[in-house]
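A quick write-up on the structure given underneath.
The values are calculated or read from the model by the stated rules, or taken from the named source; none is laboratory data. This structure is a prediction, so every number in the text was calculated from the model and none was measured. When we count neighbours, we look across all protein chains shown, and the Cβ atoms used for this are built from the backbone with ideal geometry, even at glycine.
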Amino acid sequence: MDALAVYQAWLNDPLIDEATKAELHQLRDNQVELADRFFGWLEFGTGGMRGKIGAGTNRMNVYTVRLATQALANTLLAKGNHTKGVAIAYDSRRMSKEFAETAAQVLVGNGIPVYLFTEIAPTPLLSFAVRHHGTAAGLVITASHNPPEYNGYKAYNSRGVQMLPEEASQISQQMKSLSLEAVQLADDPANSPLWHEIGEETIAAYYEAALSCTPAVDPGDLNLLYTPLHGTGARFVPEMLARAGFRNVRTAQAQMVPDGSFPTLPLPNPEEQDAFALSMELAKADPCDLILATDPDADRVGVAVWDGEKWHLLNGNQVGVLLTDFLLANMSPAERDGGVIVKTIVTTEMVVPIAQKYGVEVTNTLTGFKYIGELMDELPKAGKHFIFGFEESYGYLAGTAVRDKDAVLTSVLVAKMAAHYKRQGKSLVHRLDELMAEHGCYLEGLRSYSFSGSVEAQRAREFIAQLREEPLREIAGEQVEIVRDYGRSVQINLVQGGSKPIDLPKEDVIQWLTDKESKITIRPSGTEPKMKLYLGVKAGSASAGRKRLGTLESAFDALIQAGLRKE
């Protein structure tokens, strides 16, 4: 059925409410918009669902939420663990509460208990709640740091880990086979004995569990400015900092109000400098040592450091390196024994020599914090334990109370780390310089490619296939020694010959390691016409590292552009 036929079917469907039909009537002459809204159902993948809010099958609305939740209910019923229920949280975005209540209505309609947060809550708190209440699954309504017109739906398994590919595929297949008529809705879910509300007891337990894994550090006179970027961190981060003993904490009041339109900034993304503009302006009148910014669902945190002359925005790799060193330095040998630092395959290699200094292992996972969360439960089976995990995209986790990146906990860790070094007369920038002087100067870069049409996307796929069949042996004057093909689960040694298996799930990623200890990774998207290029170098100085990074990026970009132009 084509998009216009589906559009007409919605207008005639008695299950579609009148307000939605009125929105669709206004679009009747906009063929392009209708084609986009109705070319298919919003897909459920390993990241759950994410899309623009609005009427249509390819939009986030109560109907796509109903279908996804009925699919989740069916999988839980088939497994027989539905009686444990589902925990549900939501952020400050437009329609988040409504979508959360819609999901609860479907679950109760299927005889499944729900545990619903009564107010907006961070994503890591949802992961904690799944484990704390022993539920069979969890849901959080959020679109992370996407623009305000977006919302999303993330699903978690019984361990509090965002659903892995096989689990997500089960829900996706169920969803594809369902119609709106198949959705079971409870008439009055809030008055059902299956309806439970999550409140202060769970939040207090989370605070206690999270704080227990932070080093005992005197906050001293650290001055800190915090902004939640209109998101869920507004309550939780200041309270967590206060419980940790920090008293000199100010907030960016204009951004403390939860607001899904994010009126004071272009994008609620703590990876972008614009997210710090308001806070840095406030710091001119009332100086501080540190600015922390969390995204709307408070799973990512950005860090700005004042070094006495200017602000430095630390990237995700730098914060991860600093926290790894800080945590390990503040642990006893017994606590470090058998400990593991976990990172993703595209994250900095600088943690390796730091961990080796303390006799701690570093383990890699595929990109995505769900793989870090999954590994946390596997380590004890090998007599090991999780210490810290991070990814370059500003996600960090310490301890084992949560199975997802946690910006609330990380805010305390960064504050304690900054206070620790301030007593020594250092900023975090100074400490990072010391680590680079000791272990080498590691720098990383990222480049994204978006393909405008199907022809360019097909050429990109052909280019990746060619890289697999004809391995690169030289990049910008650097000799390739190792090729890791994660799509085939094989590592090839171009110097010594031979190969060995990669013990990770398959993912369409190729990585090259050179004789100068550079790491280049290309990662095409499995669902969108996009591709990412990750670069990492090790050099004797920052200037030398920046030069090599630029040379590698230019060389590989030229290679990619040539590949995309091939007929």
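Below is a table of values for the structure above.
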{"quantity": "Residues located in region 64-91, provided they are assigned to a helix (DSSP H, G or I), touching a strand residue (DSSP E or B) at 6+ places or on another chain (Cβ under 8 Å) and not aliphatic (A, V, I, L, M)", "calculated": "Thr64, Thr69"}
{"quantity": "Residues (more than 28 Å from Ser127 (Cα to Cα) and in contact (Cβ under 8 Å) with a residue 12 or more places away in the chain) located in region 266-289", "calculated": "Gln273, Ala277, Leu278, Ser279, Met280, Leu282, Ala283, Asp286, Pro287, Cys288, Asp289"}
{"quantity": "Positions within region 346-393 being among the acidic types (Asp, Glu), closer than 22 Å to Arg484 by Cβ and either surrounded by fewer than 19 Cβ atoms within 10 Å (Cβ to Cβ) or not assigned by TED's automatic domain parsing to the domain that holds Arg300 (or both), in sequence order", "calculated": "Glu361, Glu378"}
{"quantity": "Which listed residue is among the hydrophobic types (A, V, I, L, M, F, W, C), assigned to a loop (DSSP other than H, G, I, E, B) and more than 17 Å from Gln184 (Cα to Cα), from Ala121, Ala19, Ala35", "calculated": "Ala121"}
{"quantity": "Test: residue in region 406-417 that is of a type in the set (Lys, Arg) and surrounded by 14 or more Cβ atoms within 10 Å (Cβ to Cβ)", "calculated": "yes"}
{"quantity": "Every residue from region 143-166 that is outside any loop (DSSP other than H, G, I, E, B) and at pLDDT below 95", "calculated": "Pro165, Glu166"}
{"quantity": "Flag if Gly399 is closer than 24 Å to Gly134 by Cα, of a type outside the set (Ser, Thr, Tyr), crowded, with 24+ Cβ neighbours inside 10 Å and in the same structural domain as His312 (by TED's automatic domain parsing)", "calculated": "no"}
{"quantity": "From Ala73, Ala68, Ala87, Ala104, residue being touching a Gly at 6+ places or on another chain (Cβ under 7 Å), modelled with pLDDT of 95 or more and of a type in the set (Gly, Ala, Ser)", "calculated": "Ala87"}
{"quantity": "Verdict on Asp485 being modelled with pLDDT of 95 or more, among the acidic types (Asp, Glu) and surrounded by fewer than 17 Cβ atoms within 10 Å (Cβ to Cβ)", "calculated": "no"}
{"quantity": "Spans of helices (runs of 4 or more DSSP H) in region 313-412 with at least 1 residues among the basic types (Lys, Arg)", "calculated": "333-336, 351-357, 369-378"}
{"quantity": "Pair list, Cβ under 9 Å, 6 or more apart: region 415-434 residue closer than 16 Å to Asn317 by Cβ, other residue surrounded by fewer than 18 Cβ atoms within 10 Å (Cβ to Cβ) and of a type in the set (Gly, Ala, Ser)", "calculated": "Asp433/Ala542"}
{"quantity": "Which numbered condition Pro505 fails, given (1) assigned to a loop (DSSP other than H, G, I, E, B); (2) under 23 Å from Leu164 (Cβ atoms); (3) free of Cβ contacts under 8 Å to residues at least 60 places away in the same chain; (4) not small (Gly, Ala, Ser)", "calculated": "(3)"}
{"quantity": "Any chance Tyr206 is on the phi < 0 side of the Ramachandran plot, modelled with pLDDT of 95 or more and assigned to a helix (DSSP H, G or I)", "calculated": "yes"}
{"quantity": "Pairs, first under 13 Å from Val62 (Cβ atoms) and outside the structural domain of Ala182 (by TED's automatic domain parsing) in region 12-34, second in a loop (DSSP other than H, G, I, E, B) and aliphatic (A, V, I, L, M), C-beta under 9 Å, six or more apart", "calculated": "Leu15/Val183; Ile16/Ala55; Ala19/Ala55; Thr20/Ala55; Glu23/Ala55"}
{"quantity": "Residues that are touching a residue at least 12 places away in the same chain (Cβ under 8 Å), over 28 Å from Thr57 (Cα atoms) and either of a type in the set (S, T, N, Q) or crowded, with 19+ Cβ neighbours inside 10 Å (or both), drawn from region 155-193", "calculated": "Ser158, Gly160, Ser192"}
{"quantity": "Contacts under 7 angstrom Cβ, first residue in region 240-262 being of a type in the set (Val, Ile, Thr), partner in a loop (DSSP other than H, G, I, E, B), 6 or more apart", "calculated": "Val257/His230"}
{"quantity": "Which listed residue, of Val217, Val237, is in the same structural domain as Arg300 (by TED's automatic domain parsing), assigned to a loop (DSSP other than H, G, I, E, B) and aliphatic (A, V, I, L, M)", "calculated": "Val217"}
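Conditions tested, residue by residue: (1) over 14 Å from Gly231 (Cβ atoms); (2) not aromatic (Phe, Trp, Tyr).
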position	(1), (2)
Pro266	yes, yes
Ala277	yes, yes
Glu281	yes, yes
Asp289	yes, yes
Thr294	no, yes
Val301	no, yes
Trp311	yes, no
Gln318	yes, yes
